[in-house]
Structures are given as structure tokens and as C-alpha cells.
Amino acid sequence: MTVPSKSVKWLVCALSLSVPTAYGQHLSLANALGGPYSRLFVSRDLPAPTDAAAFPNRWTMEYGNCEKNAAFPVPKNVPHWIVHGVKWNYAEARSWPLSFTKAFAISVLGPKSAPAVQTQFLGNSVGVSAADGMIYAESDDQFVYALNAETGKLIWRYSPISGLFMGTPLVVGDTLYVSSGSVTFSYGNVMRFKRTGFAPRGASAGYNAIIALDRVDGQVKWIYWTRSEDMPTPAYSRGKLYFDNGNGNFYCLAAKTGKLIWKSHVGGMANMSSPIIYHRLVIAGMGNPGYLYALDRRTGKIFWKTKVPDAFNTGAGDVSPVAYHGIVVQDSITSPKRLNGTMTVQNTVIAYNAQSGAILWMKRMGRGPLPPAFKAGMPMVHDGIVYVGSPVTSVYQAYNVYNGKRLWSWHIPDAGPQGSGRGPATFYRGKLYIATGADVYALNPSIGRIVGAYHVGGRFGIVNPVIVGGTVYLANSWDWISAIPLRSIK
């Protein structure tokens, strides 16, 4: 897509006209012209074409791909800054100083819950996406952001609806796809759960939708509304958008128009388990009860489903699966047990046959206190090895993807009472990069030993380091987006 000239003047815009919805109706967005939620567009800060060409040109699922390894080498003949890296911090709408070691409202919420609440309601839950010289992020401050990857300057910011944006923006062609949904349950839903054992998450607790925006300026193209949360990141494949949500449904939409192609009700609820597209399958987990599902992406029919043994709480509905060479890997909190008055759990890594759903191996990562909020770790697989963390015990471990043999275990420094190790690692040029706690670590991937570290501040949620050339791009629970040169992690 042609990027407008950087000489175009700065604009402040709002959608004062109605936009088509997925139902063919029209919707006037509830944003006052010139108000704090108006769309801001600073066209002069768009990237140069040479910068855009060195970046990935699309982002089709959470953390970038089925392996969840967001690493993008670049050739040497690209602009100097891309090879050598840049450094900047961008303060989002509700930013909390990175130098503050204690979370917002900690005096009321306590040291264990306050960081989790800040991730869920003020900051960035997951990582950024990078495409065409731009960095995109969704934030629970109710905004979606687009920044210049070199300078960190704002290109556009928009809050199309009043909702929490907890996913990773997808980028396909000239369109950005984002999802909105609340983690909360209304009182009526709590009572419903008490009566029936199930209640849709996020229903009547906020606005829930999948939204298509213009990639360059942030204008809304279409909105597909749902009745329960759409916290997971959708997945894109061949002109279609796939997502799961808090009402136990999987959906397939036409990516151009937002028109529903199929909907399948499987039961349970998706929390943060975003789907992957693996060959003909759409794969994601549902909690309460805990199952991993594989659906035929053409029809929405269940291809296989496998119960997660002894899954507990949100369990399998929290963690997105990874796929590699016919094997799907996911982890979940399991085996609840009260010890000395404290609820404890295991974090269990499970490998499945991608064609049948049969369990190939299971490994437990250790027992510890039940963490607040997101309770497991997001796996990443590279070159036959699964790397996964556990906030239950604040460790990172490596497993052989074929037989489950544990290769090493690394205890995360300064984990804090809320636990560390939620986000997926990134493998890049012989090193393993992990963003957890307030720091980014570089590990020797063969033995699990630190070879470098960099203190960012704030706190990282389910965040992966996105690496393009010589720069690591990160989103923070303190509501910041950061760029760090790889050479600084030492």
C-alpha cells in the first residue's frame, strides 16, 4: 500500500459520520468531535517507504505465527537504524511512570493483585505487532495505537468504542483488526454461574466486538458486535478472520466486510486463548470445562476436542496453543490442592497430535500458590524445542517437542509475589529473549543461563519481545510502548 507523504500536515480527526456494521446497519460512534476520544492522526510521522519495506508486511495471528516466535532478521542493505537498533519510550494515555516499582492503587489491592489489575484495566496485556515500519498496540486504556518504529512518534491513536483492548493488532493489506472485551462478570452473570455452573464472560460488563480499522490512519471500516468478551486475538487466513470468545463460540468472518460466514458453539469460555490456523484447522482452548478444540476452518465443525486433564479455574481457556511439525503444545494450570490454607496448583505442559488431538506427553512444571489473573505461561517453539514459563513457580523451562524431555530450568530473578514467566520467549540469532517482571533477559538457549539483561521498568504481562533487525519492541503493563537496541541487552 502506498504510504502518504510525510509532508502532509498534522490532523486531529473524528468520525462524525456513521460507518457500516457487519449487519448492514449504520452506527454513529460515540466520540465527540475534538474530544479526548477523537481519532488523532499525525500523517507527517508516517514511515518512509524504505523503512516500511524492511519490516514484515503482515501480522496474521497473536505473537506473529503458529510458533509464537516474533523474530524478523533483516538484510544489511536496509536503513542503518533498522540494523543497529533504536531506543525510545512512548507514554500511552494512562501511563504510570516506569521508574515506579509499585503498581497503581497497591495500598488497596495489595502487592499481589495490584500489578494484575493494572495489566487488565490500564496497561498493555500482550505484545505489539510490527508491520511496514509501524508498531501497533492495543491497550486496556481503551485506545489502539500506531507508532513510527524508528522514532516512537505517534502516527494515530483511536478509541473507536468504550472497551478494553487486550489483544495484538492483526495487519493484513490496508486493514488493522483489533478485538475488544472485558475480563469482568456482571452481578447477574455471577448469579447465573451460581445457578447453572456457567456464565458468559464479559456479557453486560462492557462493549465486545471485532473491529476493522484503516492501517494508515485508524478510521473504522466495520464492527462486528458480540454479546460476550472478545479478549483473544483473532487469526487471519485466506480472506477470513477467525476468533473465539467468552460465550463458548468460534466465529469465522469475511475479513473485507465483517460478514458472518459461520459460528460454532462448543461450550466453555475463551479467556485469552487466541486461535492459531494450522493447515485446515482452527485451534484454541476453552476453560470451564477445560478443552482444547480443533475446528475445520472451512465449515466450523469440530474436527477433534481433547479434555485437559485436571484443568482448574480458567485453565485451558487462558493459553494460546503453538504448532510445530504436526504437534500442538499448550499449557494449563491443573491439580488444585490446598496446602497450609493456601490454594496451590501445577502448571502442566501438554503436547497433542495435531491430526487427532491425542495426548503425546505431559510434563508438570512444579507446584506453587495460585497466581492472580493470567495464571499460566505462553509457550513458544523453535527448532524442535518448546520454551515456556510458569508464574506458579516463576521458572522458565525448555522441553523437547517430540518426547517432552526437559532440557533445562531457569528461575526468574526478582519474580515478585504475583509471579513471573507469563509471556512467550523470542529466539533470535542464537539467543533466547524473555520479557518478564521489569526486565528483558537474554539467555543461552542450550543451557538456560543469563548472558544479558536490560532493565525497562514497570512490569510485563503476557508480553513477547518483538525483534526486527537490531531492535526489541515491547508493550508494558504500566501503559508504555518501548524500543530497545539489542546491543543494550548485556
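The values are calculated or read from the model by the stated rules, or taken from the named source; none is laboratory data. These numbers come from a predicted model, not from an experiment. With ideal geometry, Cβ positions are generated from the backbone for all residues, glycine too; neighbour counts draw on all protein chains shown. We work out accessible area using only protein heavy atoms, side chains counted, and drop any ligands, DNA or RNA first. Shrake-Rupley method; radii C 1.70, N 1.55, O 1.52, S 1.80 Å.
Odds and ends about this structure:
- Of all accessible heavy-atom area on region 271-315, the percent that carbon and sulfur account for (1.4 Å): 53 percent
- Taking label positions 7 Å along the Cα-Cβ direction at both A415 and K153, the computed distance is 4.4 nm, reported to one decimal.
- When shorter helices are ignored and each DSSP H run of at least 4 residues is given -39500 (n - 2.57), the per-residue value for the chain at 222 nm works out to -2000 deg cm²/dmol.
- Volume per residue that the Cα convex hull of region 385-473 spans, once the total is divided by residue count, Å³: 93 Å³
- Derived scalar couplings ³J(HN,Hα) [region 403-408; Karplus, 6.51 cos²θ - 1.76 cosθ + 1.60; whole Hz; x for Gly, Pro]: 10, x, 5, 6, 9, 6
- Two-decimal ratio, region 83-223, of alpha-carbon radius of gyration to 2.2 N^0.38 Å: 1.19
- What the pair-distance distribution of region 360-403 shows, using all Cα-Cα distances binned every 10 Å from zero, is 26, 53, 20, 1 percent.
- Rel. contact order, % - alpha carbon contacts under 8 angstrom, at least six apart, the chain: 15 percent
- Shape index of the chain: Rg/Rh, with Rg the Cα radius of gyration and Rh the Kirkwood radius from the inverse mean 1/r over Cα pairs, equals 0.94.
- Compactness of region 165-240 is given as radius of gyration and Dmax, 14.7, 48 Å, from Cα positions.
- What separates the Cα centres of region 172-187 and region 349-390 is a distance of 25 Å.
- Taking the alpha carbon gyration tensor of region 23-80, multiplying each eigenvalue by 5 and rooting it gives semi-axes of 33, 21, 10 Å, largest first.
- Of the solvent-accessible surface of region 336-490, computed with a 1.4 Å probe and all protein chains present, 50% belongs to carbon and sulfur.
- A straight line joining the Cα centroids of region 416-490 and region 41-57 runs 25 Å.
- Looking at the chain, the accessible area is 37 square angstrom per residue; that uses a 1.4 Å probe and ignores ligands, DNA and RNA.
- Tail weight of P(r) past 25 Å, computed on alpha-carbon pairs of region 164-296, percent: 21 percent
- Here's the list of lysines a cross-link from K259 could span, going by alpha-carbon distance under 23 Å and ignoring same-chain residues fewer than 8 apart: K221, K240, K301.
- Diffusion coefficient of region 309-392 by Stokes-Einstein, Kirkwood radius over Cα pairs, 25 °C, 0.890 mPa s: 188 µm²/s.
- Once the Cα-Cα distance is subtracted from the 0.36 nm per residue extended length, the R429 to T196 segment shows a gain of 78.8 nm.
- Straight-distance crosslink candidates among aspartates and glutamates, where the alpha carbon sits under 15 Å from K256 and sequence neighbours closer than 8 are dropped: D174, D214
- Viscosity 1.567 mPa s, temperature 4 °C, Stokes-Einstein D of region 279-431 from Kirkwood C-alpha radius, µm²/s: 83 µm²/s
- Carbon-plus-sulfur accessible fraction, region 26-136 (probe radius 1.4 Å, protein heavy atoms only): 59%.
- The H on the amide N of Y428, modeled in the peptide plane, is under 5 Å from the matching H of Y433, each at least 5 residues off or on a different chain.
- With eigenvalues of the C-alpha gyration tensor scaled by 5 and rooted, region 391-436, Å: 20, 14, 8
- Note on H455/T299: beta-carbon distance plugged into 1/(1 + (r/R0)^6) with R0 of 51 Å gives a FRET efficiency of 0.55.
- Between R44 and H84, the FRET efficiency estimated from the beta carbon spacing at R0 = 22 angstrom works out to 0.35.
- Size of region 441-490 as Cα extents on the principal axes (Å, biggest first): 33, 21, 16
- Pairs of alpha carbons in region 78-141 whose separation is greater than 14 Å (percent): 67 percent
- Coil-residue trypsin sites (Lys or Arg not before Pro) of region 426-471, DSSP, other Cβ within 10 Å capped at 12: R429
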